[in-house]
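Heads up: the structure comes next, in structure tokens.
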Amino acid sequence: MERKNNFWPYAIFIVLSLLTGGLATLVSMDGMKAFQYLPQSPLTPPPVVFSIVWSVLYILMGVSAALIYVAPPRGLKDQHLFYTGTLLLNFLWPVLFFALGLRLAALVTLLVMLALAIGTVLRYRPVSKPASWLQLPYTLWLCFAFYLNLTAYQLNG
């Protein structure tokens with residue numbers, strides 16, 4: 001008999017996504033504060049915007065992964081490797097960029113993240129079109145983040 005309660009997969013995937021971002025922020029906090037004083041792109045939003053946008057993106061990523069999980073047959077699927085990869089790189093990027101100041105390594109990591117995000121959109125689509133669509137804001141934000149990272153690298157090395 002199929003379980004009707006789909007709450008837990010959503011809660012787990014959302015919390016996992018938000019925890020990843022939260023831990024990365026904790027590890028990178030000092031570097032984030034110091035970065036505010038370096039030259040940046042004129043399109044760089046205030047720090048509070050990043051907190052809001054990333055929180056929303058992590059929630060969308062969690063919902064998207066949960067939609068894949070609850071799609072028949074219910075359970076973890078190959079597509080979750082893309083989700084896991086994006087989470088790992090989302091943890092690694094701020095560590096490289098802010099905590100370690102390795103802007104070029106962060107830029108390369110962002111390219112891999114972007115490739116994974118596009119792969120996620122494409123891999124999720126046959127299983128759940130809504131899950132695929134929920135990945136698009138993340139993918140678009142990564143394009144903007146790539147521009148910001150590239151500019152930060154050019155201005156600060």
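The values are calculated or read from the model by the stated rules, or taken from the named source; none is laboratory data. Here the structure is a predicted model, which is why all the values come from computation and not from measurement. Don't worry about glycine lacking a Cβ; one is built from the backbone with ideal geometry, like all the others, and counts go over all protein chains shown. Each accessible area value is taken on the protein alone, full model and side chains, heavy atoms only, with ligands, DNA and RNA left out. Shrake-Rupley method; radii C 1.70, N 1.55, O 1.52, S 1.80 Å.
Per residue, the Cα convex hull of the chain amounts to 96 Å³. Taken one residue at a time, the phi angles of the stretch 38-46 give Karplus couplings (6.51, -1.76, 1.60, θ = phi - 60°) of 8, x, 9, 4, x, 8, 5, x, x Hz. Gly and Pro are set to x. For the chain, carbon and sulfur atoms together expose 74% of the accessible surface, with a 1.4 angstrom probe and every protein chain in place. If R0 is taken as 35 Å, the Cβ-Cβ distance between Arg74 and Phe146 corresponds to a FRET efficiency of 0.50.
Stretching Leu136 away from Ala99 to a fully extended chain increases their span by 10.6 nm, per 0.36 nm per residue minus the current alpha-carbon distance.
If only the Cβ of Lys and Arg carry +1 and only the Cβ of Asp and Glu carry -1, the dipole of the chain around its Cα centre is close to 380 debye. Accessible surface calculations at 1.4 Å, restricted to protein heavy atoms, place the stretch 21-91 at 54 Å² per residue. Taking a probe of 1.4 Å, how large is the accessible area per residue of the stretch 93-157, in Å²? Each residue of the stretch 93-157 exposes 47 Å² on average to a 1.4 Å probe.
Applying the criteria of a DSSP loop state and at most 15 other Cβ atoms within 10 Å to the trypsin sites (Lys or Arg not before Pro) of the stretch 1-95 yields Arg3, Lys4, Arg74. Cα gyration tensor of the stretch 77-153, axes a ≥ b ≥ c as square roots of the eigenvalues: rounded (a/c below 1.5), prolate (a/b > b/c) or oblate? Prolate is the answer for the stretch 77-153, as a/c is 1.5 or above and a/b outweighs b/c. The label point for Leu81 and the one for Tyr153, both projected 7 Å from the Cα toward the Cβ, are 2.7 nm apart.
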